[in-house]
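Heads up: the structure comes next, in structure tokens.
What follows draws every value from the coordinates through simple rules; no lab data is involved. What you see is a predicted model; the values in this text were computed from it and never measured. Neighbour counts are summed over all protein chains in view; Cβ atoms, including those assigned to glycine, are modelled from backbone coordinates with ideal geometry.
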Amino acid sequence: MSRRDIEERPGRGPTRPANGRFGKLLRQLRLERCLSQAELGRRTGLGHSIISRYETGERLPRRRTLAAIADALGLEPPDRVTLFAAAGYVYGMEEDEYAMD
């Protein structure tokens, strides 16, 4: 997956405000795997600054970006569902398997 495929574009991500739950969970999962923001960024094709924005709750990722993050973290299905739910997505609702709540 190229950086262009998962890069953030205005108006394409979740539209409801972040409550901080997603950012805290992303940070926890990243640190449990001993990854820096820069390393997670390299594994996903994102810059470390966008990872930081996700962790601080400034932004929420689109589904495709979130899937790349989950893959880079090596998440098993239960943790993957939890991460998507924290970002406001519901499992089993669209072609990518996740839809907005």
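Odds and ends about this structure:
- Loop-located GluC sites (Glu not before Pro) across segment 25-88 with a Cβ neighbour count of 14 or fewer within 10 Å are 58, with loop assigned by DSSP.
- For segment 19-100, the relative contact order works out to 29 percent when only alpha carbon pairs closer than 8 Å and six or more residues apart are counted.
- Segment 19-100: proportion of alpha-carbon pairs further apart than 21 angstrom, %: 18
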